[in-house]
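Undergrad: I'd like to ask some things about the structure below.
The values are calculated or read from the model by the stated rules, or taken from the named source; none is laboratory data. Here the structure is a predicted model, which means the values were calculated and not measured. Cβ placement follows ideal geometry from the backbone for every residue including glycine, while neighbour counts extend to all protein chains displayed. To get the accessible areas, we keep the full protein, side chains included, count just its heavy atoms, and leave off ligands, DNA and RNA. Shrake-Rupley method; radii C 1.70, N 1.55, O 1.52, S 1.80 Å.
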Amino acid sequence: RRVHGDIRGNAVAAKVVASRVVREGAAKPLLTATELSAVAGSAGDYELNFGSHKPEAGFYVFDVAATPSGGKAAAVSSVHLHVKVITEIALSDCDLAIVQELVGTIDTKPVPCKAGALVAGQVSVDQAQRIRFSFKIVSAETRAAMSPHQVFALFTNEATGLVASFVVPKTAAGYALDLALASAADEFGAHSGKWRFTVVIGDAFIANPQVWEVAEFNVKFSSPAAKATGDVFAHKPDIKHIFRQPEKRSAEVVSLAFTGIVLAPVALLVVLLGKVGANISNLPSGTGALYAVGFHGAVAAILALFAVFWLRLNMFETLTWLAVFGVAAIGFGHKLLTSHVALRSESRTSK
């Protein structure tokens, strides 16, 4: 890292210290208060042999401070540097076996394998058996166990090119795949024949991703693969939706009778109003007539509003209009009653 001291960019001698070096996500720093050494023959350049501390793969944050010697330049209190560390991996402890569960016993047939190498010859396996495979992934430098983001097992059929992929689970001892061919028949398409077994390992912090051809299996499925019939890209028949048939309506006589029952109270109201002598002879004149028209118009509007609400309005719209017509009915009704009282008082005085 170069340290600049003046406005011209000239390097100055300084003491450069990495006050803290920590891996992202780790609680404990890897280094503290570590001084960087000056690069011989390159003024202003400082270096730290970070690899000698055997860091794990990942992102690291360096807190670096520089104090120029002589006091002629301002000190840099702290600068954050982000460093990505990648590592090479190695494969070890390969274990491959063909397992068949019999009544009361388990028959295990080990297959000699070497990590990173192809198993010699073909391995025969049928639908009633299982493939058990395990291995370890370690750092090539520190030999510490690693957990890459992507570890897949691929089975490729040499005749059809069909690929069946499976995630290799992480275990306490490393990585292990326990594959029951009977359960995985759909992924294999129930195709018997030669299948090439490959393990793919990848990660953003791995310098050497692995594509490991493990073995070649001769797989036998008891039921042959179903052959596709017809052109899979041909036009499919139209989907015709069938809607639910409407419910059977009542007879016309019943509908008319129900309508009559609903309208009977209105007819009864008209008849009773005639018997009690309802008329417009007492309708006031002058200003009182305006109040009477306004009151009866507001009441009629409220009745009409109920009909419109039943046909098209929602509750909130109805309440808004009801507030308007209700206030109008109350106001005009109060004025109408006041005018009636005034007319009666005048008539009594005149008598």
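Undergrad: With A90, A66, A43, A38 as the choices, which residue is under 30 Å from F133 (Cα atoms) and open to solvent by less than 80 Å² (accessible area, probe 1.4 Å)?
TA: Details: A66 fails: under 30 Å from F133 (Cα atoms); A43 fails: under 30 Å from F133 (Cα atoms); A38 fails: under 30 Å from F133 (Cα atoms).
The unique qualifying residue is A90.
Undergrad: Now for a separate question. For region 82-110, give me each residue that is under 34 Å from the mean Cα position of the chain (by Cα) and part of a strand (DSSP E or B).
TA: Across region 82-110, the qualifying residues are H82, V83, K84, V85, T87, I89.
Undergrad: Of the residues F155, F135, which single one is surrounded by 13 or more Cβ atoms within 10 Å (Cβ to Cβ), touching a helix residue (DSSP H, G or I) at 6+ places or on another chain (Cβ under 9 Å) and either modelled with pLDDT of 95 or more or under 28 Å from I206 (Cα atoms) (or both)?
TA: Working: F135 fails: touching a helix residue (DSSP H, G or I) at 6+ places or on another chain (Cβ under 9 Å).
Exactly one residue qualifies, and that residue is F155.
Undergrad: Can you pull out the strands (runs of 3 or more DSSP E) entirely within region 118-184 that have at least 3 residues that are out of contact with any Leu (no Cβ under 7 Å at 6 or more places or on another chain)? Show your work before the answer.
TA: Numbers: elements: 122-126, 130-139, 150-157, 163-167, 175-180.
Hits in region 118-184: 122-126, 130-139, 150-157, 175-180.
Undergrad: OK, next. Residue under question is V299, and the condition is that it be closer than 24 Å to R344 by Cβ, modelled with pLDDT of 85 or more and either touching a helix residue (DSSP H, G or I) at 6+ places or on another chain (Cβ under 7 Å) or open to solvent by 60 Å² or more (accessible area, probe 1.4 Å) (or both); does it hold? Give the derivation first.
TA: Numbers: closer than 24 Å to R344 by Cβ: yes; modelled with pLDDT of 85 or more: yes; either touching a helix residue (DSSP H, G or I) at 6+ places or on another chain (Cβ under 7 Å) or open to solvent by 60 Å² or more (accessible area, probe 1.4 Å) (or both): yes.
Answer is yes for this residue.
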